[in-house]
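J.: Before we start, here is the structure in question, set down as C-alpha cells.
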Amino acid sequence: MNDTPGWASPGSAPSDGHEPGTSGPTGPSGPADRPDPEQPSQQPGTHPQSPGTQWSKQQPPPAQWSAPTGPPSPGQTPPPPPPGPGWGAPPPGGPGGYGGGNWQGPGGYGGWGTAWGGPPPAAKPGVIPLRPLGVGEILDGAVSTMRTYWRTVLGISLTVAVLIEIVVVLVQGLLLDEYTDTGALGDPSASLDELTGALRDTMLSSGVLFVISLIGTVAATALLTTVTSRAVLGKPVTAGEAWRDARPQIVKLFGLILLLPLIAAGIVLAGMLPGIITVAAGGGGGGAALAVLGGLAAAVVTVWLMVRFSLASPALMLEKQSVLKAMSRSVKLVRGSWWRVFGIQLLAAIIANVIAAIVVIPFTFLAAAVSGDGISGFVNGTGGFGWTFLIVSGIGSVIGSTITFPITAGVTVLLYIDQRIRREALDLELARAAGVQGYGPTSPGTPGS
C-alpha cells in the first residue's frame, strides 16, 4: 500500500546530512588587489591598465559604502539596493568575522536563525509533525487519531475488547474459579503448604489473564496500525480498509501473538524451575523462596525482552515482514533507545490503566452489589465471583478497553514511526506519500529532540 509507512523499504539507510557550507567573504582589509590610497597610482614594473591601480582616493571604506544619491551616468548600471533589515553584521572572530567560515547561528543553521527567527516548522499533513517526536507529541498523536477517526478506531477496539472479555469471563468462570484456591493468602493461620499452593494458583490465574490481555493488546495494535499510519499522512481509512490491509498478515500476526507469550512463559518457568524442583524434593520454605526469587529475576529478563520486541507488531503489519524478521526488526529499532521506548510505553500504560480504573471500578462495585454476597463480601474477600459479577464487571472492562486500546496501540505505532524517522529518515518518505511539495533532504526541517 503506497500511502502507508510500510511501502518504504525496511532498513534503508538514513539520508546523509549536509553540513552548512563555508562562506568566503573578504576580510576587513577589503579586496586583496586594492592598493593603499596613499600609494601612487602606478607602481614600477606594473602595466598602466592593471587592475588595482584605478581605485579612487575618495572611495569610502567597504563597510561604509552607500549608493550614490545622484542619478547614474548614462550607460552606467545602477548599484544594487542595500541589504534589508534583519541581516545584521556577522559575528566577530576568524577571517572576515565569520569564525573561520564555520559559524552557525542558533540551532546550527548557518546563521539563518538570527536573520529569520529559526527554521520553518516541519510539515504536518496528519496527526504528527514529520520529524523526530517528543513524548508529548507521541501521546497527543495517539489521542488525536482516536478523536479524528473515532468511528473506525472505536469500532475496531470495541470488537477486540468484546472478544477478549468473552474469553476472560469464560476462563474465569469455568476454569480459574473452579480449580484455583487463593483464600489462604488472606488467612493468618494458613500453613506454609497452603500459602505455597495459594501463591501458585495466584500466579497461574494472573499469568493466564495476562496472556489473554497481551493477545488483545497485540491484536488491537495490529488492526489499528493501518488507521494510525493513514492518520500520520492525513488520510482517512474505514474499518473495512483496515481489515483488508491487515488480512494478508493475519496468520503471521497470530504466530507473533502466540510466540511472544510463549517466550515470556518459558523464561519465567526457567527462572522458577530450580525452586520448583527443590520444593518437589522436600525443600519446603527454601524451595518456595528460591522459586519466588527465580520468578522475579525471570520477570526482569522478560520485561527487557518484551520491550525489545514491542515494535514487532507494527513492523510485521506495515513492512509485510515474517514473524522472525519483524522481531529482529524491532530489536534493531529499539537498540540504543531501550530506556526511552520503555519509558514512553510505561507512561502510556499508566495513563491507560488510570482511565480504565476510572471506568472499571464503578462497574466492579455495581457487580458486587447485585451479586449474592454484596459489596461487604467483595471488600472482605469472602464473596465468590459468580456469573453475575463476572458479566457486569466484564461490561465495565469492555468500555475501559475500548477507550484504552487506541491509546496503547497508537503509542506503539507512533513509536515505531518515530524510531524509523530517527534512524532511517522515514519523514522524507512520509512527506512524499502525503503529497507535501518541496520536502526533501535539502529542505530545512525542525531538528528532533
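J.: Test of understanding: what is the full-extension gain from Phe365 to Leu163, defined as 0.36 nm times their sequence separation minus their Cα-Cα distance?
T.: Using 0.36 nm per residue and subtracting the Cα-Cα distance, I get 70.4 nm.
J.: Continuing with this model, one more query. Could you compute the FRET efficiency for Thr388 and Leu324, with r as their C-beta to C-beta distance and R0 at 51 Å, rounded to 0.05?
T.: Calculated value: 0.70.
J.: Then there is this: Measure off 7 Å from each Cα along the Cα-to-Cβ vector at Phe210 and Leu262, then give the distance between these two points in nanometres to one decimal.
T.: 1.9
J.: Could you bin all the Cα-Cα distances of segment 286-336 into 5 Å bins starting at 0 and give me the percent of pairs in each, rounded to whole numbers?
T.: Histogram of Cα-Cα distances, whole percents per bin: 5, 22, 20, 14, 11, 9, 8, 7, 3, 1.
J.: Oh, and also: Taking neighbour Cβ counts within 10 Å as the exposure measure, how do Ile403, Ile358 sort from fewest upward?
T.: The most exposed by this proxy come first: Ile358, Ile403.
J.: May I ask for the net charge around Val323, where only other residues with Cβ less than 14 Å from the Cβ of Val323 are counted and Lys, Arg are +1 while Asp, Glu are -1?
T.: Spelling it out: positives minus negatives among the neighbours equals +3.
J.: Compute the distance in nm between two label points, each set 7 Å from the Cα along the Cα-to-Cβ direction, one at Ala297 and one at Leu170.
T.: 3.9
No value in this document is a laboratory result; all are computed from the given coordinates. The model shown is predicted, which means the values in this text are computed figures rather than measured ones. FYI the Cβ positions are ideal-geometry reconstructions off the backbone, even for glycines, and counts take in every protein chain you see.
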